[in-house]
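Chemist: Can you keep this structure in mind? I'll have questions shortly.
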Amino acid sequence: MREENLPLKIETEAGRTSRPWTTRMVDDAPSAPKPPPARDLVRDEVVLSAHTWVVKVGTSVLAGRDGRLDLDRIDHLAEQICKVMDTGRKVALVSSGAVGAGIGRLGLKGRPDNLRQLQAAAAIGQSYLMRCYDEGMRKRGRNAAQLLLTHEDFDGRARYLNMRNTLNALFEWNAVPIINENDTISVDEIKFGDNDRLAAMVANLIQAPLLVILSVVDGLYLTDPAKPGPAEVVSRVPQIDDQVLSLACGGRSALGTGGMQSKLASARLVTQAGGSVVIASGTRPEPLTRILAGEEVGTMFLAHGNHHPARKRWIGLAARPRGRFVVDAGARKALETGMRSLLAIGVIEVVGDFEKGDVVALCDPDGCEFARGLTNYGADDARAVQGRHSLEARALLGPSIYDELVHRDNLLLIL
């Protein structure tokens with residue numbers, strides 16, 4: 001199969017619109033050797049300048065459909081990570097697979113459908129999964145370190161900073177942090193839902209310029225891969241917009257919990273914070289070392305947001321909002337175009353029960369969240385002053401209150 005770089009066109013309501021994207025054909029059938037394609041200079045720049053990588057690997061990459069871990073594939077992944085680190089780079093691995101490993105060790109016929117058995121399977125599988133990784137790393141002179149996280153670890157600023165400090169110390173020792181959601185205690189209120197989002201949050205935590213998501217797909221497909229013949233994969237995406245999101249199907253693998261929609265949502269979290277993302281197949285040979293070599297592997301999503309400082313990344317992209325301010329159209333425009341602070345007069349509704357210093361979401365009247373910030377007011381005081389001028393708010397609550405409900409220094413736009 002001949003590999004091509006083609007301009008991608010997608011049908012829109014206004015007609016067919018060219019995009020600065022490229023696609024290529026992917027065929028699983030063996031073919032005659034091909035001359036190497038022209039190097040993608042944009043990919044080269046992104047990969048070569050990224051000295052910290054976060055790699056996420058899904059359950060279906062690590063295990064077969066019977067749930068048993070593929071020990072050779074885990075060892076191969078450890079080998080690739082060590083090769084990337086041999087170039088002086090830092091790598092953090094976000095690995096699924098604990099539940100799948102537990103299913104295999106217990107000899108279960110399938111994934112349990114109740115929480116307590118899922119958590120028990122994760123408890124059994126996590127130790128086995130880490131043993132496999134540790135053996136792969138140690139034979140190459142490196143140590144594996146285990147970090148089990150829940151969303152609550154990202155909500156609190158102190159715990160968030162402690163995570164970052166621990167990861168930096170592990171990097172100083174040339175160890176490989178292996179991160180997973182703590183499935184043994186996670187419930188609906190605190191679970192990430194899938195490790196794609198966890199990987200994106202880790203990438204933002206350590207300000208990694210590159211996140212690599214290894215799955216069982218070759219990237220973002222432009223054509224249906226289930227149909228006969230080679231599939232067409234998008235090579236590079238400058239920005240994740242509605243047209244890109246429309247290409248995602250909602251399907252999930254047999255053992256995993258996330259599909260392409262989840263991966264695109266996670267890629268969006270990273271790219272809007274100034275990082276780039278590659279979604280590629282972890283079942284094909286040498287995906288990480290081929291990416292490092294500049295080969296056109298998977299789909300690359302380019303950074304398009306600003307490089308926000310760590311504190312603003314925590315506010316806008318990590319901590320969960322405890323409530324929300326619904327603002328009028330004028331307030332939204334002022335915040336987006338002038339980087340103004342949010343004043344009480346622009347707020348038309350206060351939702352939730354929160355305290356001063358909590359993270360809150362900022363939404364427009366249609367319910368669209370466009371920013372997050374730290375509130376200077378608790379929920380009751382915010383309701384008391386919503387829609388009022390600053391002088392009225394001072395007369396109501398006293399002269400020591402803040403003029404701003406959310407100060408611009410504590411606010412991050414997320415669209």
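Chemist: Using the 10 angstrom Cβ neighbour count as an exposure proxy, how do Met339, Met163 rank, fewest first? All intermediate terms of the calculation are to be shown ahead of the outcome.
Modeler: On the way: Met339 11, Met163 21.
Ranking Met339, Met163 by Cβ neighbours within 10 Å, fewest first, gives Met339, Met163.
Chemist: Restricting everything to alpha-carbon atoms, can you work out Rg to Rh for the chain with a Kirkwood hydrodynamic radius? Could you put the intermediate results ahead of the total?
Modeler: Working: Rg = 23.0 Å, Rh = 22.9 Å.
That ratio equals 1.00.
Chemist: Against the longest alpha carbon principal axis of the chain, how many degrees, from 0 to 90 and to the nearest 10, is the axis of helix 195-205 turned?
Modeler: 60 degrees
Chemist: Only Cα pairs under 8 Å and at least 6 apart count here; give the relative contact order of the chain as a rounded whole percent.
Modeler: Numbers: 851 pairs, mean separation 61.6, N = 415.
Computed value for the chain: 15 percent relative contact order.
Chemist: Still on this structure, I have one more. What does DSSP give for the chain in terms of the percent of beta bridges that are antiparallel, rounded to the nearest 5? Walk me through the intermediate numbers first.
Modeler: Values: 32 of 63 bridges.
So the antiparallel bridges amount to about 50 percent of the total.
Chemist: So what is the diffusion coefficient of segment 137-217 in µm² per second by Stokes-Einstein at 20 °C and 1.002 mPa s, using a Kirkwood Rh over Cα pairs? Intermediate results must be reported in sequence, preceding the final value.
Modeler: Details: Rh = 13.8 Å.
Once the numbers are plugged in, D ends up at 156 µm²/s.
Chemist: Any idea what angle helix 329-338 forms with the longest principal axis of the chain, computed on alpha-carbon atoms, 0 to 90 degrees, nearest 10?
Modeler: It is inclined by approximately 70 degrees.
Chemist: So, one more: Kindly provide log₁₀ I(q)/I(0) values, in the same order as q = 0.23, 0.31, 0.32 Å⁻¹, from the Debye equation applied to equal alpha-carbon scatterers of segment 57-111.
Modeler: After summing over all Cα pairs, the log10 values are -0.83, -1.18, -1.22.
Chemist: Helix 115-138 sits at what angle to the longest principal axis of the chain, using alpha carbons and giving 0 to 90 degrees rounded to 10?
Modeler: Helix 115-138 and the main axis of the chain meet at about 60 degrees.
Chemist: Any idea what the dipole of the chain comes to, in debye rounded to 20, about its Cα centre with Lys/Arg Cβ at +1 and Asp/Glu Cβ at -1? Mind showing how you got there, number by number?
Modeler: Numbers: 51 positive and 51 negative charges, 157 e Å.
About 760 debye.
Chemist: May I have the count of lysine pairs in the chain with C-alpha atoms under 24 Å apart, counting pairs 8 or more residues apart or located on different chains?
Modeler: Lysine pairs satisfying the spacing and distance rule in the chain number 18.
Chemist: Could you put Phe354, Phe370 in order, starting from the residue whose Cβ has the fewest other Cβ atoms within 10 Å? Please list the in-between numbers first.
Modeler: Numbers: Phe354 20, Phe370 15.
Going from sparsest to densest Cβ surroundings: Phe370, Phe354.
Chemist: Per DSSP H run of n ≥ 4, the term is -39500 (n - 2.57); total these for the chain, divide by its residue number, and report the mean residue ellipticity at 222 nm rounded to 500 deg cm²/dmol. All intermediate terms of the calculation are to be shown ahead of the outcome.
Modeler: On the way: 15 runs with 147 residues, N = 415.
Rounded to the nearest 500, it is -10500 deg cm²/dmol.
Chemist: Something else: What number comes out for the charge environment of Ala265, summing +1 per Lys or Arg and -1 per Asp or Glu over other residues with Cβ under 10 Å away?
Modeler: Values: positive: Arg197, Lys263, Arg268; negative: Asp194, Asp196.
Value of the local net charge: +1.
Chemist: Right, something else. Which of Ile348, Ile206, Ile178 has the fewest other C-beta atoms within 10 Å, and how do the rest follow up to the most?
Modeler: On the way: Ile348 15, Ile206 18, Ile178 23.
Lowest count first: Ile348, Ile206, Ile178.
Chemist: Per the Cauchy relation, a quarter of the hull surface: what is the mean projected area of the convex hull of the alpha carbons in segment 250-362, in nm²? The partial results should precede the final answer.
Modeler: Details: hull surface 41.8 nm².
Taking the Cα atoms of segment 250-362, their convex hull projects to 10.5 nm² on average.
Chemist: I want to verify a result. In a Gaussian network model of the chain, Cα cutoff 10 Å, which of these has the top mean-square fluctuation: Pro112, Pro230, Pro399?
Modeler: Pro399
Chemist: How long are the semi-axes of the equivalent ellipsoid of segment 313-360, defined as square roots of 5 times the Cα gyration tensor eigenvalues? Whole Å, largest first. Don't skip to the answer; put the middle values down first.
Modeler: Working: eigenvalues 74, 42, 14 Å².
Semi-axes from the Cα gyration tensor: 19, 15, 8 Å.
Chemist: For segment 321-413, take N as its residue count and report Rg(C-alpha) divided by 2.2 N^0.38 Å. Mind showing how you got there, number by number?
Modeler: Working: Rg = 11.6 Å, N = 93, 2.2 N^0.38 = 12.3 Å.
Expressed relative to 2.2 N^0.38 Å, the Cα Rg reads 0.94.
Chemist: May I ask which residue of Asn376, Asn410, Met339 lies farthest towards the positive end of the charge dipole of segment 321-413, with charges of +1 (Lys, Arg) and -1 (Asp, Glu) on Cβ and the Cα centre as origin?
Modeler: Result: Met339, furthest along the dipole toward the positive end.
Values in this text are rule-based calculations from the coordinates and carry no lab data. Note that the coordinates shown come from a computational prediction; the quantities given were computed from them, not determined experimentally. Reconstructed Cβ throughout: ideal geometry from the backbone, glycine too, with neighbour counts over all protein chains shown.
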